[in-house]
Amino acid sequence: MKTGYVLLCALLAFPALASRLVADDAGNKVTVPDQVTRIADAWFAHHSVLMTLGAGSNIVATVNHPVDRPWMFKINPALNNALQIKGISFNSEALLAHQTDVVFVAKGNPDVAAYHQANLPVLEMAFTDYPSLEHSVSATANVLGTEQAQQRAVAYNRYLEESVAAVLTKTVSLSEQQRPSVLHIQSLTPLKVDGSNTLIDTWITLAGGKNAAQTISGNMKEVSPEQVLAWQPDIIILGQGCGEISQSRYAQLFSGLKAVQAKKVWANPAGVFPWDRYGTESALQIQWAAHQLHPALFADTDMMSITRDFYRRFFDYPLSRDEAARILHGQPPA
């Protein structure tokens, strides 16, 4: 009798089993613990969302690595203590051993059923444009369930909307002739570019350019060097890890390209996540690209100050001028 009374009191005193119903980006209704403090994240880009919401230190299992994302691990050092795996498939028993509260995955991840079998709450996340990025930020904040996360989500989404609007105000009236053709190369070996129906295509257009690879649909599409020669882009932007054209197998072949001749081949900034791809730093990418494509139109854009302010506000990190310069040049920490 006394034992049962003590157990009842304990259950009433510690509502550890309290739960909430939330929705993920795929529209699934998922029951999550009332307090989400231990997170496994199987989507590379989604880490930046958690960090933006102030929950980066809650990641106990990650698919990212310091060698690939040095700024992510420098700015969020708690990741160094997280379980790190190769690929995107966590072992369910390992997650249970790490007392994981929820698992975030990219929409369509093949391991969802296995996580469900282990009774792990799984959230399928996805964003392909700025409205869906905002939705994903808000949905993640709902999963976290804290006042800080909710406030950060509102602040970030407002910042993203204001960044898009400020750039669009100046570029919307540009004529076709005033818009340089921009080729975004994701990889030089093999040669891959980003085409239409991508976030990359969206920020190129917003920034006042036109995607040289518009006739190709999708991310990271392999193309021939002859196709690049046919496009003759005015500007080439190289994604993180591309290296330099001058050191590639295409050095001589591409030496006659308009962009190469005009010295308009730029390394894309990369911080917590590559700015050009699917992370929250895409709000910075829009501003950087607009300033690069139309320096006279955006003469008052100070990317050094903008970058430092963003990292302080959304990553709680006091970025130095030297660190900001390295990020803006796509370089790792010193």
For region 311-334, enumerate the residues that are touching a residue at least 40 places away in the same chain (Cβ under 8 Å), within 20 Å of R158 (Cβ to Cβ) and part of a helix (DSSP H, G or I).
Y311, R313, F314, F315
Kindly provide the set of residues from region 186-204 that are of a type outside the set (S, T, N, Q) and in contact (Cβ under 8 Å) with a residue 24 or more places away in the chain, ordered by number.
L188, P190, L191, K192, V193, D194, G195, L199, I200, W203, I204
Mind checking which helices (runs of 4 or more DSSP H) fall wholly inside region 209-305 and carry at least 2 residues that are touching a residue at least 40 places away in the same chain (Cβ under 8 Å) and under 21 Å from T198 (Cβ atoms)?
225-231, 282-293
What number of residues within region 209-246 are touching a Phe, Trp or Tyr at 6+ places or on another chain (Cβ under 6 Å) and within 25 Å of E176 (Cα to Cα)?
2
Kindly indicate the residue of region 281-316 that is hydroxyl-bearing (S, T, Y) and under 17 Å from the mean Cα position of the chain (by Cα) and also surrounded by the fewest Cβ atoms within 10 Å (Cβ to Cβ) among those meeting that condition.
Y311
Only residues that are touching a strand residue (DSSP E or B) at 6+ places or on another chain (Cβ under 7 Å) and either polar (S, T, N, Q) or surrounded by 20 or more Cβ atoms within 10 Å (Cβ to Cβ) (or both): list them for region 34-54, please.
V36, I39, A40, D41, A42, W43, H46, H47, L50
Wholly within region 54-125, helices (runs of 4 or more DSSP H) carrying at least 2 residues that are under 23 Å from the mean Cα position of the chain (by Cα), at pLDDT 95 or above and charged (D, E, K, R)
none
Name every residue in region 180-199 that is surrounded by fewer than 19 Cβ atoms within 10 Å (Cβ to Cβ), not β-branched (V, I, T) and not in a strand (DSSP E or B), in order of residue number.
P190, N197
Which of the residues spanning region 220-250 are at pLDDT below 95 and within 21 Å of F273 (Cβ to Cβ)?
Q240, G241, C242, G243
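For T31, state whether it is outside any helix (DSSP H, G or I), surrounded by 15 or more Cβ atoms within 10 Å (Cβ to Cβ), modelled with pLDDT of 95 or more and more than 18 Å from the chain's Cα centre (by Cα).
no
Every residue, every condition in (1) in contact (Cβ under 8 Å) with a residue 24 or more places away in the chain; (2) of a type outside the set (A, V, I, L, M); (3) not assigned by TED's automatic domain parsing to the domain that holds V228, yes or no:
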position	(1), (2), (3)
D101	yes, yes, yes
V105	yes, no, yes
V112	no, no, yes
A139	yes, no, yes
Q150	no, yes, yes
Looking only at region 84-95, filter to residues that are free of Cβ contacts under 8 Å to residues at least 24 places away in the same chain and either surrounded by 12 or more Cβ atoms within 10 Å (Cβ to Cβ) or among the hydroxyl-bearing types (S, T, Y) (or both); which one of those is nearest to T52 (Cα to Cα)?
Q84
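The values are calculated or read from the model by the stated rules, or taken from the named source; none is laboratory data. Model, not experiment: these values are computed from the prediction. Using ideal geometry, Cβ is built from the backbone for each residue, glycine included, and neighbour counts are taken over all protein chains shown.
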